[in-house]
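Read through the structure below, which is laid out as structure tokens, and then see the notes.
Bear in mind these aren't lab numbers, they're just calculated from the coordinates by the rules spelled out. Note that the structure is a prediction, hence the values are computed from the model and not measured. Here the Cβ positions follow ideal geometry from the backbone for every residue, glycine too, while neighbour counts run over all protein chains shown.
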Amino acid sequence: MKSTRGQQTGDSFAAILLAAGLGTRMRSARAKVLHELAGAPMIARPLSAIAASGADPIVVVVGYQADLVREAAAAALPGRRLEFALQPELRGTGDSARIGMTALAPDYRGDVLIAYGDMPMLSPASLVKFAADHRRNDAVLSFISVIVKDGGAYGRVVRDADGNVCAIVEARDASAAERAIPEVNTGVYLARAEFLRAALADLKCDNAQREFYLTDIVAIARGRGLKVRACLASDPSEFAGVNSRQELASMEAQIRNQVNDRLMASGVTLVDPASVYISDQAEIAADVTIGPNVQILGRCRIGEGTLIEGTAYLSDVEVGPRCHLKIGVRAEECRIGEESEIGPFANLRAGTDLEGHNRIGNFVETKKAKIGRGTKASHLSYLGDATIGRDTNIGCGVITVNYDGYDKHQTQIGDRCMIGCDTQLVAPIKVGSDVYVASGTTIIREVNDGALVMSHHPQREKPGWIESWRARHGDASGGKSGDR
């Protein structure tokens, strides 16, 4: 990762995302940046914005639940290399940034962006604009500020009589006059690396919280006669942080409305937008209709003309064109081929792959099942660890018996088979093509192509048995007294 300012290309810059804290106001054992927004951990949104703005390298500072935060960050940018720096003791944002700088090469002299992992509305366009403003004004240190009616816990931007930035004062340390200042710091900075290293090393913890404040680098820069610029943004909501469950719910609603408005503008019908939850990573084609109480999470892709009736849960699912998902469908990490009919109340678990023109009906569960084109399972079946060919019919109550208590085993069924109701296929097992399985069969050996297979037992009958059975139970009523 060797880099110098002279080697910096174009408008690129390094970035440090601060994501080490717990977030005490969340009242949760889970790290704040791991709480979900629009179906993904909160950290995914600012991290994606930073990556899209051209930042490279990107450093994520982790602390509380470090391993989980690392996993969430890596999942947010699959295939993208991230650097991680551990803050073992949470001693404030200044200390967190200092630790983040250690993940950059010692000779890196480019610009460094600093942002927070709990800032989910951050946009790449704003970051690119911010970087351009910073360089155009030849600033050593820049930060984004906004004007708000109530600054709350945000640091106030203190300016001199000429309008130059003097300092940022944290709300908890501000005087009454300073708390009345409407211009606040968003916490997004851009600084030259050589200045940032020196300023972070000079931070003191002589404040009410005994923490190292990142905001103090502004006063340090001013004290050294260096140019500091506050880049005033027009939309404060883009830089809002999430610090409580209430703010999390408010942000969720804001994101959901934005996603839903964008989808409807592109030709998607949402029958009841207020009850639909759709990830902003989802790709939904025109003329898709989505009913009420639907969750579409993760990287779902839904083809044109598909109807999702309602009360459905989809996560990382690919749905082909012109499919019909009836009420109560649950599907995750699977593929549904074109013109398939799913549900009602079907459960497609991870690894399910439907080739297309399939019918998966009520109370059918699939798991790691590859199902060929035109094959259907209409009622009350379990198909797990199975490969099923084309144009096969799976009858009601069919079970692939895939688990022996220790290991999972594979079932193979060929093309154009008729698997009768109440059949158990004890895996590992192979059934050829063009096979007819009679109802009530238990298959324990391989079945060749074109065969009829059955395991019927002779029907036995004991005349008068019911009378003696009732007598043994002291029932003299003849069983006519109703339910007990």
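Using a Förster distance of 45 angstrom, determine the FRET efficiency expected from the C-beta separation of residue 204 and residue 265, and round it to 0.05.
The calculated FRET efficiency here is 0.30.
Between the alpha-carbon centers of the stretch 275-347 and the stretch 37-87, tell me the distance in whole angstrom.
Measuring centre to centre over Cα atoms gives 28 Å.
How far, in nm, would the chain grow between residue 227 and residue 71 when pulled straight, counting 0.36 nm per residue and subtracting the alpha carbon separation?
Residue separation times 0.36 nm, minus the Cα-Cα distance, leaves 52.3 nm.
By how many nm would the segment from residue 407 to residue 467 grow when fully extended, if each residue of separation counts as 0.36 nm and the alpha-carbon distance is taken off?
Going from the current span to full extension adds 17.0 nm.
Among the lysines, which have Cα under 30 Å from the Cα of residue 376 when same-chain residues fewer than 8 positions away are ignored?
Partners found: 326, 367, 368, 408, 430.
With an 8 Å cut-off on Cα pairs and a minimum separation of 6 or more residues, tell me the relative contact order of the stretch 252-453 in percent.
Here the relative contact order equals 9 percent.
Specify which labelled value, from [x] 23.5, 71; [y] 31.0, 108; [z] 29.8, 99, agrees with Rg and Dmax of the Cα atoms in Å derived from the coordinates of the model shown.
Among [x] 23.5, 71; [y] 31.0, 108; [z] 29.8, 99, the one derived from this structure is [y].
In whole Å, what is the distance between the alpha-carbon centres of the stretch 112-165 and the stretch 174-225?
Answer, in whole Å: 12.
Most exposed first by the Cβ proxy, i.e. fewest other Cβ within 10 Å, how do 147, 336 rank?
Exposure proxy ranking, most exposed first: 147, 336.
Can you put 239, 212, 345 in order, fewest other beta carbons within 10 Å first?
In order of increasing Cβ crowding within 10 Å: 345, 212, 239.
Which cross-chain or sequence-distant (5 or more) residues have an amide H under 5 Å from the amide H of residue 315, H modelled 1.01 Å from N in plane?
For residue 315, the qualifying residues are 297, 331, 332, 333.
What order do you get for 341, 283 when you list them from fewest to most C-beta neighbours inside 10 Å?
Fewest-to-most Cβ neighbours within 10 Å comes out as 283, 341.
So, counting K/R as plus one and D/E as minus one, what does the shell of residues with Cβ under 14 Å around residue 254 add up to?
-3
Which of the three applies to the stretch 119-248, rounded, prolate or oblate, going by the alpha-carbon gyration tensor with a ≥ b ≥ c and a/c under 1.5 meaning rounded?
rounded
Counting alpha carbon pairs within less than 8 Å and at least 6 residues apart, what relative contact order, in whole percent, applies to the chain?
8
Taking a ≥ b ≥ c as the square roots of the Cα gyration tensor eigenvalues, with a/c under 1.5 meaning rounded and otherwise prolate when a/b beats b/c, else oblate, which class fits the stretch 252-453?
prolate
Classify the stretch 14-239 as rounded, prolate or oblate from the Cα gyration tensor: take a ≥ b ≥ c as the square roots of its eigenvalues, call it rounded if a/c is under 1.5, otherwise prolate when a/b beats b/c and oblate if not.
rounded
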